[in-house]
Amino acid sequence: MKRKLPSTISKFLPPVIAIVIFLAVWQGVCMAGWVPSFMLPSPVQVVQALINDFPLLASHAGVTLLETFIGMTIGIIVGFVLALVMDRYELLRKALYPLVVISQTIPTIAIAPLLVLWFGYEMLPKIILIVLVVFFPVAVSLLDGYQSVDKDTVNLLRSMGADDRQIFRYVKFPAALGQFFAGLKIAVSYAVVSAVIAEWLGGFNGLGVYMTRVKKAYSFDKMFAVIFLISALSLILMWIVKILQKKFMPWENLKNK
Amino acid sequence: MDKLNVNNVTFSYDGKVNVIENINIRLGEGELVCLLGVSGGGKTTLFNVISGLNRPQTGEVLLDGKDITGVPGKISYMLQKDLLLPYRTIEENAALPLIIRGMKKKEAVAKVQPHFAAFGLQGTEKKYPAELSGGMRQRAALLRTYMTEAPVALLDEPFSALDTLTKSEIHRWFLGVMEKIKLSTVFITHDIDEAILLSDRIYLLGGKPGAITDEITIDEPKPRSADFNLTDRFLAYKRLIISKLK
């Protein structure tokens with residue numbers, strides 16, 4: 001315990017100090033009146049807006065999180081299947097990989113209005129957008145993991161008489177888990193942002209819808225409050241992924257000891 | 001009858017340039033035979049052929065008289081690195097060959113338990129490979145090889161990655177454990193001392209393409225003492241091998 005404390009402090013202290021300094025400068029700029037408060041609310045005003053509007057924000061956040069969860073689940077499944085197929089069949093990998101990469105060069109903001117036009121103002125276009133954003137890092141990270149597996153280990157299992165399914169189960173998939181979780185961390189942060197972007201363009205509920213409403217009312221403090229909340233939700237989801245990684249990859253913790 | 005016969009095996013990766021040519025090897029019951037030769041001489045290729053990972057262009061591999069040419073899973077194979085799966089505990093790693101053959105994980109793990117003591121691995125059952133030293137990991141890899149329950153084992157430079165002190169210790173342990181389990185084994189090394197200390201017979205592999213150039217019988221009682229490598233007889237074997245390798 002005595003040893004752990006200094007390492008914990010050294011890990012968390014620098015970012016905490018940086019954040020505190022940033023907020024203090026921001027507060028100072030606002031208090032000095034260098035920027036009008038209706039354009040840049042102070043951190044204290046943002047926190048007040050967050051507290052005052054919390055019940056409303058929570059209900060909108062619930063919708064955004066539901067879209068994120070459904071989109072993430074489908075996106076992970078699509079990414080998993082795609083990586084599996086591309087790893088198994090070389091011809092399909094050659095055919096599909098460029099398409100997968102091209103799909104990511106289309107900006108989210110450009111495709112979101114189309115999805116809204118095609119699929120309406122309900123949840124479906126938001127979920128589709130999240131799936132499009134999530135499947136890519138999952139598929140690419142898993143495929144990289146499958147492809148970079150140690151050939152000697154595969155040969156060892158073959159010498160034991162293992163078939164392709166067993167090699168996937170005992171070698172390829174566990175070996176790709178590290179890359180999968182790295183991809184998943186990127187995917188969750190993209191997922192929340194994508195849900196919000198899709199909500200901007202049309203819908204009845206969600207943090208993006210709330211954002212457009214407060215923007216029209218020039219309530220900058222509330223806009224910052226929702227930005228804070230989106231950021232916090234992304235961080236929480238990334239933290240959950242980290243916890244899941246620790247749970248599903250206990251051997252990785254040994255390397256760090 | 002011999003446990004293993006490799007008859008007139010020739011192998012080439014591209015179908016043009018032979019890596020090994022006309023190889024003949026036999027292995028008796030409980031025998032420990034060594035393939036000794038320089039790196040890049042085709043020793044590992046030969047093991048890949050014997051284990052069934054690669055099919056030779058000509059020749060055959062017989063196990064207990066049955067043709068197993070190009071059929072993996074009949075002979076256990078331990079590669080140069082320990083190749084323990086980092087995400088599985090030692091007992092799960094050791095049980096892997098049984099699980100691959102279709103045994104339930106619980107049963108397989110229970111089946112490996114009695115062997116931990118014989119292999120000097122008590123207390124490591126629930127540990128992950130990253131928690132073990134190099135020597136202990138090699139022991140675990142050998143236990144996994146043994147759990148394949150194949151009548152013949154191939155060990156490809158099993159101790160080459162170990163430091164000198166650990167290697168000396170594991171040599172003594174290896175001789176002891178092989179006395180107990182009586183596993184018919186072919187192992188590869190490029191360490192002459194190791195070959196003399198551990199083997200009943202030594203095949204010298206040399207040339208391009210790789211071919212068996214000589215066969216030397218180490219006619220010494222087993223288990224050999226720790227200071228066997230300090231005796232005149234050991235040195236005589238060493239001189240003989242060096243002269244034949246030149």
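The values are calculated or read from the model by the stated rules, or taken from the named source; none is laboratory data. Predicted model, so just to flag it, every value in this text is computed and none were measured. FYI the Cβ positions are ideal-geometry reconstructions off the backbone, even for glycines, and counts take in every protein chain you see. Remember, those area values only see protein heavy atoms, side chains included, never the ligands or the DNA or RNA. Shrake-Rupley method; radii C 1.70, N 1.55, O 1.52, S 1.80 Å.
Taking A:TYR89, B:TYR146, B:TYR203 and ordering them by how much accessible surface each has at a 1.4 Å probe, largest first, produces A:TYR89, B:TYR146, B:TYR203. If you wrap the Cα atoms of the range A:1-142 in a convex hull and average its projected area over all directions, you get 14.9 nm². In the complete set of protein chains, residue-level accessible area for A:TRP200 is approximately 110 Å², probe 1.4 angstrom.
Scanning residues 5 or more positions from B:GLY30 or on other chains, those with amide H under 5 Å from its amide H are B:SER184, with H placed 1.01 Å from N in the peptide plane.
For the protein assembly as shown, the residue among A:TRP26, A:VAL154, B:ILE170 whose Cα projects farthest onto the positive side of the dipole built from Cβ charges is A:TRP26. Put the Cα centre of the range B:63-124 next to the Cα centre of the range B:147-222 and the gap is 20 Å.
Please work out the Cα convex hull volume for chain B and give it in Å³ per residue.
Numbers: hull volume 30.9 nm³, N = 246.
Value for chain B: 126 Å³ per residue.
Each of A:LEU124 and B:ARG172 was given a label point 7 Å from its Cα along the Cα-to-Cβ line. The distance between the two points is 7.6 nm.
The ratio of the alpha-carbon radius of gyration of the range A:1-81 to the globular-protein estimate 2.2 N^0.38 Å is 1.70.
Given a 1.4 Å probe, how much area per residue of the range A:42-256 is accessible, in Å²? Before the final figure, lay out the partial values.
On the way: 10810 Å² over 215 residues.
Dividing the accessible area of the range A:42-256 by its residue count gives 50 Å².
Go through A:MET223, B:MET1 and list them by solvent-accessible area, largest first, probe radius 1.4 Å. Before the final figure, lay out each step's value.
Details: A:MET223 40, B:MET1 180 Å².
So the residues, ranked largest to smallest area, are B:MET1, A:MET223.
Work the Kirkwood hydrodynamic radius out for the range B:1-81: mean of 1/r over every pair of different alpha-carbon atoms, inverted, in Å. Please report the intermediate quantities before stating the final value.
Values: mean 1/r = 0.0773 Å⁻¹.
Every distinct Cα pair counted, the radius reaches 12.9 Å.
Across the accessible surface of the protein assembly as shown, with the other protein chains kept in place and a 1.4 Å probe, carbon and sulfur atoms take up 63 percent. From zero up to wherever the largest Cα-Cα distance of the range A:99-179 sits, split into 5 Å bins and tell me the percent of pairs in each. So the P(r) values, bin by bin, are 3, 13, 18, 14, 11, 10, 9, 9, 7, 4, 2, 0.
Indicate, rounded to the nearest 5 percent, the antiparallel portion of the DSSP beta bridges found entirely in the protein assembly as shown.
Working: 19 of 37 bridges.
Around 50 percent antiparallel, to the nearest 5.
In summary, the helical segments of chain A meeting the span-like criteria, namely a full DSSP H run, a Cα extent along the axis of 24 angstrom or more and a mean Kyte-Doolittle hydropathy of at least -0.5, are A:4-31, A:54-88, A:123-147, A:173-200, A:220-248. Between B:LYS244 and B:VAL71, the C-beta separation translates, for a Förster distance of 41 Å, into a calculated FRET efficiency of about 0.75. Computed per residue of chain A from DSSP H runs no shorter than four, each worth -39500 (n - 2.57), the mean residue ellipticity at 222 nm is -27500 deg cm²/dmol. Scanning residues 5 or more positions from B:GLY210 or on other chains, those with amide H under 5 Å from its amide H are B:ILE20, B:GLU21, with H placed 1.01 Å from N in the peptide plane.
Any chance you could tell me what percent of the C-alpha pair distances in the range A:42-256 go past 33 Å? Mind showing how you got there, number by number?
On the way: 6304 of 23005 pairs.
Of all Cα-Cα distances in the range A:42-256, 27 percent exceed 33 Å.
Over every pair of different alpha-carbon atoms in the range A:139-243, take the mean of 1/r and invert it; report that Kirkwood radius in Å. Answer for the range A:139-243: a Kirkwood hydrodynamic radius of 16.6 Å.
What is the distance in Å between the Cα centres of the range A:150-192 and the range A:203-233? Here the two parts' Cα centres lie 40 Å apart.
The listed residues A:PHE248, A:PHE136 rank as A:PHE248, A:PHE136 when sorted by accessible area, largest first, using a 1.4 Å probe.
Using only the C-alpha atoms of the protein assembly as shown, find the volume of their convex hull and express it per residue in Å³.
On the way: hull volume 107.1 nm³, N = 503.
Per residue, the Cα convex hull of the protein assembly as shown comes to 213 Å³.
Computed with a 1.4 Å probe on the full set of protein chains, the accessible area for B:LYS104 sits at about 140 Å². Between B:ILE196, B:ILE218, B:MET103, the Cα set farthest toward the positive side of the dipole of chain B (charges on each charged residue's Cβ, about the Cα centre) is that of B:MET103.
May I ask you to compute the full-extension gain from A:ILE106 to A:ASP150, defined as 0.36 nm times their residue separation minus their alpha-carbon distance, rounded to one decimal in nm? Write out the running numbers ahead of the final one.
Working: separation 44, 0.36 × 44 = 15.84 nm, distance 3.43 nm.
Value of the extension gain: 12.4 nm.
Rounding to the nearest 20 debye, state how big the charge dipole of the protein assembly as shown is about its Cα centre with +1 on each Lys and Arg Cβ and -1 on each Asp and Glu Cβ. Let's see the in-between values first.
Numbers: 55 positive and 43 negative charges, 220 e Å.
My answer is approximately 1060 debye.
Measuring max minus min along each principal axis, the C-alpha atoms of the range B:1-147 give extents of 48, 31, 26 Å (largest first). Rounded to the nearest 10 square angstrom, B:SER39 shows an accessible area of 90 square angstrom against a 1.4 Å probe.
Computed about its Cα centre, the charge dipole of the range B:10-97 is approximately 240 debye, with only Lys, Arg, Asp and Glu carrying charge at their Cβ.
Would you please classify the overall shape of the range B:124-176 from the alpha carbon gyration tensor, given that a ≥ b ≥ c denote the square roots of the eigenvalues, rounded means a/c under 1.5, and beyond that prolate means a/b larger than b/c while oblate covers the rest? Note, shape of the range B:124-176 comes out oblate.
Over all directions, the projected convex hull of the C-alpha atoms in the range B:204-246 averages 3.5 nm² in area. Projecting the Cα positions of A:SER59, A:GLY71, A:PRO14 onto the charge dipole of the range A:1-107 (unit charges on Cβ atoms of Lys, Arg, Asp and Glu, taken about the Cα centre) puts A:PRO14 furthest along the positive direction.
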